[in-house]
Amino acid sequence: MTYSIIARCSHTGAFGGAVGTSSLAVGNRCLHIAHGIGAVLSQHRTDPRLGEQGLALLAKGQSAATVMATLTRAPDIGWRQLAVLDIQGQAAVHHGNRLYSIATEAIGPGCVAIGNILANDHVTAAMIDAFMANPDDRLEARLVRALEGGRDAGGEILEPLRSAALRVSGSEGMDRCDLRVDRADEAVAALKDLLAAYGDQEDLLRNVAFQPETVPVARSMFDASVERIAELGLEDRFPTARRRAEWTLRG
């Protein structure tokens, strides 16, 4: 009931992934990435601890194959479906022997897709084809197109995707994006719309985090705050109006 992809950007060292499922809030459990280190997918009766363990091993410089050999020694591994992608762009995959559905993988240069409870055995290959179609586009857009490719190839056997997530790593411990659709009638389309709305906020949010003094304060929020402080007689506690010159306003 889940299909997903992880990939590495050879230009920036970023890792990213996208995942969708017919259950709710998939973004909190399946997708694990670390900038310049690697990525892990953990799904089908998901144990998120396997994803975090995989990242810790990748951070030590282990290869995808070596990491997978360790992860598959975990209890109840027959119920799990896993994928690991390392810093070299090499992938390893595990399909547990307790999986009862069509469960496949497809691997491309610096990317791997896996899925279970699929409508056919072409879904993950279609995801890789969609991801590879426009190699010069931003990683975020390519990952969403991979989900679209899987959906259009048949997707899950019974239900549409109700939740989806997209994440791309960034430098200095701050992701370029971390977007989640926790419940929707058609989660892939909702995720695509969310990415479009997110737009170029990455630069703004990085400035807010690392160079807050360079980001002006929205004039409308500033003025509304000053007005409310005055209405409530809180000027001594919040002397914003008297300190107005300390802020740069925009808009």
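The values are calculated or read from the model by the stated rules, or taken from the named source; none is laboratory data. Being a predicted model, the structure only gives us computed values, none of them experimental. Using ideal geometry, Cβ is built from the backbone for each residue, glycine included, and neighbour counts are taken over all protein chains shown.
Considered as a group, the residues in the range 106-132 that are under 19 Å from the mean Cα position of the chain (by Cα) and assigned to a helix (DSSP H, G or I) include one that is surrounded by the most Cβ atoms within 10 Å (Cβ to Cβ), and that residue is Met127. Can Val19 be described as in contact with a strand residue (DSSP E or B) (Cβ under 9 Å, 6 or more places away or on another chain), closer than 18 Å to Arg167 by Cβ and either in contact (Cβ under 8 Å) with a residue 60 or more places away in the chain or not assigned by TED's automatic domain parsing to the domain that holds Ser171 (or both)? Here the answer is yes, as Val19 does meet what is asked.
Looking across the range 165-197, the residues that are touching a helix residue (DSSP H, G or I) at 6+ places or on another chain (Cβ under 8 Å), among the charged types (D, E, K, R) and farther than 18 Å from Asn28 by Cβ come down to Glu172, Arg176, Lys192. Taking the range 71-105 as the range and being among the aliphatic types (A, V, I, L, M), crowded, with 21+ Cβ neighbours inside 10 Å and over 16 Å from Ile5 (Cβ atoms) as the test, only Leu71 passes. For the range 194-211, the set of residues classified as modelled with pLDDT of 95 or more, exposed (fewer than 12 other Cβ atoms within 10 Å of the Cβ) and in a helix (DSSP H, G or I) consists of Ala196, Ala197, Phe210, listed by residue number. Conditions first: (1) within 26 Å of Ile102 (Cα to Cα); (2) assigned to a loop (DSSP other than H, G, I, E, B). Pro135 passes all but one, so which condition is the exception? Unmet condition: (1). Scanning the range 165-193 for residues that are part of a loop (DSSP other than H, G, I, E, B) and either small (Gly, Ala, Ser) or outside the structural domain of Ala39 (by TED's automatic domain parsing) (or both) returns Ser169, Gly170, Ala184.
Filtered by the rule that a residue be in contact (Cβ under 8 Å) with a residue 24 or more places away in the chain and of a type in the set (Phe, Trp, Tyr), the range 88-143 gives a lone residue, Phe131. Tell me, yes or no, whether the range 217-231 has at least one residue that is in the same structural domain as Leu166 (by TED's automatic domain parsing), free of Cβ contacts under 8 Å to residues at least 60 places away in the same chain, surrounded by 10 or more Cβ atoms within 10 Å (Cβ to Cβ) and in contact with a helix residue (DSSP H, G or I) (Cβ under 8 Å, 6 or more places away or on another chain). Within the range 217-231, none of the residues are in the same structural domain as Leu166 (by TED's automatic domain parsing), free of Cβ contacts under 8 Å to residues at least 60 places away in the same chain, surrounded by 10 or more Cβ atoms within 10 Å (Cβ to Cβ) and in contact with a helix residue (DSSP H, G or I) (Cβ under 8 Å, 6 or more places away or on another chain). Looking across the range 1-22, the residues that are over 18 Å from Leu55 (Cβ atoms) and at pLDDT below 95 come down to Met1, Ser10, His11, Thr12.
Taking the conditions (1) at negative phi; (2) surrounded by fewer than 17 Cβ atoms within 10 Å (Cβ to Cβ); (3) over 13 Å from the mean Cα position of the chain (by Cα); (4) without any contact (Cβ under 8 Å) to a residue 40 or more places away in the chain in turn, Glu172 satisfies each one other than (1). Of the residues contained in the range 146-164, none is found to be out of contact with any helix residue (DSSP H, G or I) (no Cβ under 9 Å at 6 or more places or on another chain) and assigned to a helix (DSSP H, G or I). At least 2 residues being under 22 Å from Leu139 (Cβ atoms) and in contact with a Lys or Arg (Cβ under 7 Å, 6 or more places away or on another chain) is the threshold, and among the strands (runs of 3 or more DSSP E) wholly inside the range 9-63 those reaching it are 15-21, 31-34. Would a scan of the range 236-246 turn up a residue that is touching a residue at least 24 places away in the same chain (Cβ under 8 Å), in a helix (DSSP H, G or I) and either closer than 30 Å to Asp121 by Cβ or not basic (Lys, Arg) (or both)? Within the range 236-246 (the criterion being touching a residue at least 24 places away in the same chain (Cβ under 8 Å), in a helix (DSSP H, G or I) and either closer than 30 Å to Asp121 by Cβ or not basic (Lys, Arg) (or both)), the answer is no, since none of the residues qualifies. Within the range 73-105, being in a loop (DSSP other than H, G, I, E, B) and closer than 28 Å to Leu158 by Cβ holds for Asp76, Arg80, Gly96, Asn97, Arg98, Leu99, Tyr100, Ser101, Ile102, Ala103.
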